[in-house]
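S.K.: If you scroll down you'll find the structure; I have some questions about it.
The values are calculated or read from the model by the stated rules, or taken from the named source; none is laboratory data. In this text the structure is predicted, and so the values were computed from the model without any measurement. We place every Cβ from the backbone using ideal geometry, glycine too, and count neighbours over all the protein chains shown.
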Amino acid sequence: MAGLASSSRQRSKIAPYLMILPALVYLGIFFVVPFFSLARTSLSSSGGSVYLPTLSFNWDFGNYVDAFSQYQDQIIRSFTYALAATALCLLLAFPLAYVIAFKAGRYKNLILGLVILPFFVTFLIRTIAWKTILADDGWVVSALGAVGLLPSEGRLLSTSWAVIGGLTYNWIIFMILPLYVSLEKIDPRLIEASKDLYSSNRRGFSRVILPLSMPGVLAGSLLVFIPASGDFINADYLGSTQTTMIGNVIQKQFLVVKDYPAAAALSMVLMAIILVGVLLYTRALGTEDLV
Amino acid sequence: MTSQGVPVIVEAIEQPTPPKLIKGSPKWGDLILRIVAGLVLLYLFLPIFVIVLFSFNNPQGKFNYSWQGFTLNNWAHPFKYPALTDALKLSLNVAAVSTAFALVLGTLVAIALVRQRFRGRTAVDTFLILPLTAPEVVMGAALLTLFLDLSWAVGYTTILIAHIAFEISFIAMTVRARMRGFDWTLEDASMDLGASPARTFFKVTLPLIIPGIVAAGMLSFALSLDDFIITYFVSGSTVTYPLYVNAAVKAAVPPQINVLATAILLISLILLAVGTLYRRKRIEG
């Protein structure tokens, strides 16, 4: 018996490492190493002929200088759009998450299912549908024109608003769900207590519900902001050449122009700005239980 | 849907919470709140209505963007375009194969994280979250530079490699979330009754975690099927379903795209309903 116990204890010392090893090795090779490749490429210069391009690694920081000077507009635009989309997501998602958490009663699971359902349609096809909805001869444009919100000959498609709208739509689910999860955790007795202590509804909301929903706000805004700032589909389908984002440039430089060092430098810049932004944001909101 | 935040979705769906009602707010405010929530829900469904409606469209030109007339023709010939059908088949293949690999790697990590205490556990935990926080365009770009450095030809294999890479973390997170709060003394009981560790694993541990693995597998499959950005970077000339759709936007959008999208939506809906009923039945005994 004692032998069995000690052998099983010994086994359990190596066992966890054997279990995590395959995944860690895999992610090491195909997640960590690629970032070194990316960094290396971003510091290389391209040479050779058009037909046989060659890359040589020589600490060429010029790619970063070029990235900032040439694509400054796209970098600023990406983060502006992503911020606007995150704010819109928050504005639209909060009432829905609140109603699901507190007012839906026995329909709660049904409404949650309905919220998730649209996301079973491929992201690209949903974005194509927005192309139809926002089209110049579509009913949205004519309705807005009729009530005077849009000048005649005014467009929705190919504007910044269409791109921001698309970004908002495609990632709003990542705002609704974390918000719902954090609202759901609020003890209703706390809200009753605030009422018993004569606080108004507004005060109860701003002093009880809003602070307690902060983990959801934080998680939701990161989950929307990060993918939105790197996206290129919405700008491609719903925007114009005036609305290109950093993702569009990276994609084009990598896959069309094949200027790998420039594209790699831009990717590194995008990653770095996101990391700094996320760090500042999490520090400002002061929440550590992110996941 | 991107791979980010999927664990949150799982948490939201899985929470078994009794209905909770806050009463006593003024009726007008309450009504306005409900209307706003209803409008947001409607907004979520607006493109879906358009997609389903336009699967019955009879477009005159190359693009299925404006309504021309009702027809059942597209539904009668859903597989009219072989390239579209092939792309969908390839995507289903990639989703199945990559999910199978990622399930093995991801589930092992999840079990180790929940069941074992070992040095560096929190580090592994944090490391697993990283792939879920990198923007897809950067992850795709990084993988492409690796394949270029190694001078690997991009195609089916590299797509598989990329999909497995983003699925592992997500599967590990999902399975781990589902494993919390299980009664693990059952394992001890099985060992005490003389079962070998292997027998205990197959007879006790595995049946306990199977529902979590199935859920993680289904969501991983869906993520793989839907992935465009990462795949776009590492696909070469290989065309998956989202890549076909993207090429179609530039050239010609056949209504069959809408037909297949609607069909996939219906199938997911049925699977979702069956899953919910099955779970309810299990819970009720």
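S.K.: Do you know which residues across the range A:90-107 are in a loop (DSSP other than H, G, I, E, B) and more than 7 Å from chain B (Cβ to nearest Cβ)? Explain how you work it out, then say what you get.
M.R.: First, the residues of the range A:90-107 that are in a loop (DSSP other than H, G, I, E, B): A:103-104.
If the condition is that a residue be in a loop (DSSP other than H, G, I, E, B) and more than 7 Å from chain B (Cβ to nearest Cβ), then A:A104 is the only one that fits.
S.K.: So how many residues does the range A:202-241 have that are touching a residue at least 24 places away in the same chain (Cβ under 8 Å) and either at positive phi or more than 10 Å from the chain's Cα centre (by Cα) (or both)?
M.R.: Residues of the range A:202-241 touching a residue at least 24 places away in the same chain (Cβ under 8 Å): A:209, A:212-231, A:233-235, A:237-240.
Subset that is either at positive phi or more than 10 Å from the chain's Cα centre (by Cα) (or both): A:209, A:212-219, A:233-235, A:237-240.
Looking only at that region, the number is 16.
S.K.: Let me ask another. Within the range B:149-191, count every residue that is assigned to a helix (DSSP H, G or I) and over 25 Å from B:T205 (Cα atoms).
M.R.: The initial filter retains those residues of the range B:149-191 that are assigned to a helix (DSSP H, G or I), namely B:149, B:156-179, B:185-191.
Adding the requirement that they be over 25 Å from B:T205 (Cα atoms) leaves B:149, B:156-163, B:165-166.
Result for the range B:149-191: 11.
S.K.: Within the range A:121-128, is even one residue among the charged types (D, E, K, R), surrounded by 14 or more Cβ atoms within 10 Å (Cβ to Cβ) and more than 9 Å from every other protein chain (Cβ to nearest Cβ)? Walk me through it before giving the result.
M.R.: Taking the range A:121-128 as the starting set, the residues that turn out to be among the charged types (D, E, K, R) are A:126.
Then drop every residue that is not surrounded by 14 or more Cβ atoms within 10 Å (Cβ to Cβ), which leaves A:126.
Among the residues that remain, those that are also more than 9 Å from every other protein chain (Cβ to nearest Cβ) are: none.
Among the residues of the range A:121-128, not one is among the charged types (D, E, K, R), surrounded by 14 or more Cβ atoms within 10 Å (Cβ to Cβ) and more than 9 Å from every other protein chain (Cβ to nearest Cβ), which makes the answer no.
S.K.: Quick check on A:L117: is it closer than 30 Å to B:K250 by Cα and either in contact (Cβ under 8 Å) with a residue 60 or more places away in the chain or in a helix (DSSP H, G or I) (or both)?
M.R.: Criteria met by A:L117.
S.K.: Which one is surrounded by the most Cβ atoms within 10 Å (Cβ to Cβ), of the residues in the range A:145-178 that are more than 29 Å from the chain's Cα centre (by Cα) and aliphatic (A, V, I, L, M)?
M.R.: In the first step, residues of the range A:145-178 are kept if they are more than 29 Å from the chain's Cα centre (by Cα); the result is A:145-154.
With aliphatic (A, V, I, L, M) added as a condition, the list becomes A:146-147, A:149-150.
Numbers: A:A146: 10, A:V147: 7, A:L149: 9, A:L150: 16.
Out of the qualifying residues, it is A:L150.
S.K.: Which one is surrounded by the fewest Cβ atoms within 10 Å (Cβ to Cβ) among residues in the range A:129-144 that are facing chain B (nearest Cβ under 7 Å) and touching a residue at least 40 places away in the same chain (Cβ under 8 Å)?
M.R.: Kept after step one, since they are facing chain B (nearest Cβ under 7 Å), are these residues of the range A:129-144: A:129-133, A:135, A:137.
Applying the additional criterion that residues be touching a residue at least 40 places away in the same chain (Cβ under 8 Å) yields A:130-131.
Numbers: A:W130: 23, A:K131: 20.
Top of the filtered list is A:K131.
S.K.: Sticking with this structure for a sec: Any idea which residue in the range B:130-163 is modelled with the highest pLDDT, counting only those that are facing chain A (nearest Cβ under 7 Å) and within 16 Å of the chain's Cα centre (by Cα)?
M.R.: My answer is B:E136.
S.K.: Would you please list the contacts, defined by Cβ atoms under 6 Å and residues six or more apart or on different chains, that run from a residue in the range B:39-55 that is more than 17 Å from B:L260 (Cβ to Cβ) to a residue that is of a type in the set (A, V, I, L, M)?
M.R.: Between residues of the range B:39-55 that are more than 17 Å from B:L260 (Cβ to Cβ) and residues that are of a type in the set (A, V, I, L, M), the close pairs are B:V40/A:L92; B:V40/A:L96.
S.K.: Looking only at the range A:226-248, count how many residues are buried (at least 24 other Cβ atoms within 10 Å of the Cβ) and more than 10 Å from every other protein chain (Cβ to nearest Cβ).
M.R.: Matching residues across the range A:226-248 total 4.
S.K.: Which of (1) touching a residue at least 24 places away in the same chain (Cβ under 8 Å); (2) over 23 Å from the mean Cα position of the chain (by Cα); (3) within 30 Å of B:G29 (Cβ to Cβ) is the odd one out, the single condition A:S46 does not satisfy?
M.R.: Condition not satisfied by A:S46: (3).
S.K.: Would you mention how many residues in the range B:246-261 are within 8 Å of another protein chain (Cβ to nearest Cβ) and touching a residue at least 40 places away in the same chain (Cβ under 8 Å)?
M.R.: First pass over the range B:246-261, keeping only residues within 8 Å of another protein chain (Cβ to nearest Cβ): B:246, B:249, B:253, B:257-258, B:261.
Keeping just the survivors that are touching a residue at least 40 places away in the same chain (Cβ under 8 Å) gives B:253, B:257-258, B:261.
Qualifying residue count for the region: 4.
S.K.: From B:I229, B:I209, grab the single residue that is surrounded by 14 or more Cβ atoms within 10 Å (Cβ to Cβ), under 21 Å from B:I51 (Cβ atoms) and touching a residue at least 40 places away in the same chain (Cβ under 8 Å). Talk me through it step by step, then tell me what you get.
M.R.: Numbers: B:I209 fails: under 21 Å from B:I51 (Cβ atoms).
Answer to the selection: B:I229.
S.K.: Another question, if that's okay. As an exercise: evaluate B:T238 against (1) crowded, with 19+ Cβ neighbours inside 10 Å; (2) touching a residue at least 40 places away in the same chain (Cβ under 8 Å) and give the number of the one condition it does not meet.
M.R.: (1)
S.K.: Further, regarding this structure: Could you say which residue among A:L212, A:L223 is aliphatic (A, V, I, L, M) and either under 30 Å from A:D136 (Cα atoms) or facing chain B (nearest Cβ under 10 Å) (or both)?
M.R.: Values: A:L212 fails: either under 30 Å from A:D136 (Cα atoms) or facing chain B (nearest Cβ under 10 Å) (or both).
Checking each option against the conditions leaves just A:L223.
S.K.: Turning to a different aspect of this structure: Taking B:F127 as the residue in question, decide whether it is of a type in the set (F, W, Y) and closer than 29 Å to A:V224 by Cα. Outline the logic, then answer.
M.R.: Numbers: of a type in the set (F, W, Y): yes; closer than 29 Å to A:V224 by Cα: yes.
Criteria met by B:F127.
S.K.: Here's something else I'd like to know. Taking the options B:S91, B:S98, name whichever one is more than 10 Å from chain A (Cβ to nearest Cβ), under 19 Å from B:G155 (Cβ atoms), among the hydroxyl-bearing types (S, T, Y) and not in a loop (DSSP other than H, G, I, E, B).
M.R.: On the way: B:S91 fails: more than 10 Å from chain A (Cβ to nearest Cβ).
Result of the check over B:S91, B:S98: B:S98.
S.K.: Consider the range B:89-121. How many of its residues are farther than 22 Å from B:W184 by Cα, among the hydrophobic types (A, V, I, L, M, F, W, C) and either at pLDDT below 90 or surrounded by fewer than 20 Cβ atoms within 10 Å (Cβ to Cβ) (or both)?
M.R.: Matching residues across the range B:89-121 total 6.
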